[in-house]
Amino acid sequence: MAATLTHERFTGPEWTFERKLDGIRLLAFKRGDEVRLLSRNRLPRDRSYPSVAAAVRALPAGDAILDGEATGVWRGEGGAAAYHVFDLLWLDGRDLRALPLEQRRALLAGLPLAAPLERVPLLHEERPWERARAEGWEGVIAKRLGSPYEPRRSPHWVKMKVEATQELVVGGFTDPQGGRVGLGALLVGYFDGDDLVFAGRVGTGFDTRLLLELRGRLDALEIDRPPFTRGTGLPRLRAHWARPEIVVQVAFIEWTVHGKLRHPRLLGLRDDKAAREVTRESR
């Protein structure tokens with residue numbers, strides 16, 4: 001079961017929250033003394049986490065399937081690993097996947113786990129994503145009470161990643177498609193010396209009023225050639241270019257290895273900032 005990414009921030013009595021761990025997703029299968037650890041893409045990981053395999057083998061259950069996240073890698077005698085268990089799919093001949101989340105958790109709570117196995121604790125903060133940002137976590141996972149375990153990307157599990165923010169300069173836009181009005185996405189970048197570096201497209205975070213307002217301002221700044229002097233991935237079709245004068249504030253998850261924004265969304269315009277002052281900020 002995989003979580004669906006959201007940029008929304010919400011709570012409610014129908015949701016519980018856990019820390020989003022930055023590790024390797026593992027399913028642990030136990031049948032008698034036989035144990036298998038499989039990654040998300042079904043690759044064996046028994047040799048990478050022998051201490052985890054040994055602890056699963058020692059569980060007081062005839063057969064079980066655990067779901068969790070492994071952190072650290074065992075390397076000889078000097079390494080360490082942990083397996084953070086957050087779900088129980090099977091126990092002693094019983095398929096638990098159709099049970100509500102809270103019942104699966106109750107059965108998991110009754111299963112004694114020894115190190116390096118540990119349960120993922122629930123978060124009880126009113127705004128858990130603020131704790132995630134303050135403590136440098138990758139994010140939080142919201143899980144809907146009453147939901148079954150589904151072997152797919154499900155709306156019943158939602159991941160809220162910690163976002164970074166960045167001021168960026170608009171150097172163009174793409175045409176709207178479908179029922180969209182005004183523009184499709186902003187083409188944005190930042191200055192590095194005299195170069196305007198292309199940082200990607202921003203296509204979410206707009207309402208109709210803002211789409212039309214931006215299209216009007218960008219039409220008045222239209223130029224014939226891209227103002228970007230560095231960066232890859234500029235669109236070749238249905239793109240319009242503009243003098244780099246409009247500054248926007250963007251939220252995003254991270255910079256990619258190719259220097260692009262991952263999952264960006266518009267937060268608003270920055271009329272108080274000169275475009276030439278916009279540089280890439282370190283996270």
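Remark: the range 54-70, residue by residue, has Karplus-estimated 3J(HN,Hα) of 5, 5, 5, 4, 7, 4, x, 8, x, 8, 6, 10, 10, 10, x, 10, 9 Hz, where x stands for each Gly or Pro and the curve is 6.51 cos²θ - 1.76 cosθ + 1.60 at θ = phi - 60°.
Across the range 223-233, computed HN-Hα scalar couplings (Karplus, 6.51 cos²θ - 1.76 cosθ + 1.60, θ = phi - 60°) run 10, 8, 10, x, x, 6, 10, 9, x, 10, x Hz from first to last residue, x flagging Gly and Pro. Computed about the Cα centre, the dipole magnitude for the range 1-116 is approximately 280 debye when only Lys and Arg (+1) and Asp and Glu (-1) carry charge, each at its Cβ.
Taking a ≥ b ≥ c as the square roots of the eigenvalues of the Cα gyration tensor of the range 1-118, is the shape rounded (a/c under 1.5), prolate (a/b larger than b/c) or oblate?
Details: a/c = 1.94, a/b = 1.28, b/c = 1.52.
The shape class here is oblate.
So, with +1 on the Cβ of K and R and -1 on the Cβ of D and E, and no other charges, what is the size of the charge dipole of the chain about its Cα centre, to the nearest 20 debye? All intermediate terms of the calculation are to be shown ahead of the outcome.
Working: 45 positive and 39 negative charges, 146 e Å.
For this selection, approximately 700 debye.
Backbone amide hydrogens, once placed in the peptide plane, bring residue 26 within less than 5 Å of 68, 69, 70, excluding anything fewer than 5 places away on its chain.
Sort 141, 253 by Cβ crowding within 10 Å, fewest neighbours at the top.
Working: 141 21, 253 18.
Lowest count first: 253, 141.
Per residue, the average separation of C-alpha pairs within less than 8 Å and at least 6 apart gives the range 164-277 a relative contact order of 32 percent. Residues 181, 188, arranged from fewest to most other Cβ atoms within 10 angstrom of their Cβ, appear as 181, 188. Farthest towards the positive end of the charge dipole of the range 22-119, among the residues 83, 37, 111, is the Cα of 37, using unit charges on the Cβ of Lys, Arg, Asp and Glu.
Here the residues 24, 223, ranked from fewest to most Cβ neighbours within 10 Å of their Cβ, fall in the order 223, 24.
Between the amide H of residue 96 and those of 90, 91, distances stay under 5 Å, these residues lying 5 or more places away or on another chain, with hydrogens modeled in the peptide plane. 3J(HN,Hα) along the range 148-163: x, 8, 10, x, 6, 6, 10, x, 7, 10, 10, 9, 10, 7, 5, 9 Hz, from the Karplus curve 6.51 cos²θ - 1.76 cosθ + 1.60 with θ = phi - 60°, whole Hz, x for Gly and Pro.
For every other residue with a beta carbon closer than 12 angstrom to the beta carbon of residue 175, add +1 if it is Lys or Arg and -1 if Asp or Glu, then tell me the sum. Surrounding charge for residue 175 is +3. Considering helices alone, the calculated mean residue ellipticity of the chain at 222 nm is -3500 deg cm²/dmol, with DSSP H runs of length four and up weighted by -39500 (n - 2.57) and normalised per residue. Between residue 224 and residue 122, full extension at 0.36 nm per residue minus the direct alpha carbon distance yields a gain of 31.3 nm.
The angle separating the long axis of helix 208-220 from the principal Cα axis of greatest extent in the chain is about 40 degrees. Taking amide H as placed 1.01 Å from N in the peptide plane, residue 270 has its amide H under 5 Å from the amide H of 247, 248, 249, each at least 5 places away in sequence or on another chain.
Using 0.36 nm times the number of residues separating residue 236 and residue 92, minus their current alpha carbon distance, what extension gain do you get?
Working: separation 144, 0.36 × 144 = 51.84 nm, distance 5.82 nm.
Separation in residues times 0.36 nm, less the Cα-Cα distance, equals 46.0 nm.
Taking a straight line from the alpha carbon of residue 30, these aspartates and glutamates sit under 14 Å away, with near neighbours fewer than eight places off in the same chain left out: 46, 63, 67, 92, 95. Of all lysines in the structure, those lying under 25 Å Cα to Cα from residue 159, and not within fewer than 8 positions of it along the same chain, are 20, 143, 260.
Given the Cα-Cα distance of residue 8 and residue 38 and 0.36 nm per residue of separation, how much length would full extension add, in nm? The partial results should precede the final answer.
Numbers: separation 30, 0.36 × 30 = 10.80 nm, distance 3.15 nm.
Extra length available between residue 8 and residue 38 comes to 7.6 nm.
For the range 164-277, the Cβ-based charge dipole about the Cα centre amounts to some 400 debye (Lys, Arg positive; Asp, Glu negative; other atoms uncharged).
None of the figures in this text is laboratory data; all of them are computed from the coordinates on show. Fair warning: this is a prediction, and the values are worked out from it, not measured in the lab. With ideal geometry, Cβ positions are generated from the backbone for all residues, glycine too; neighbour counts draw on all protein chains shown.
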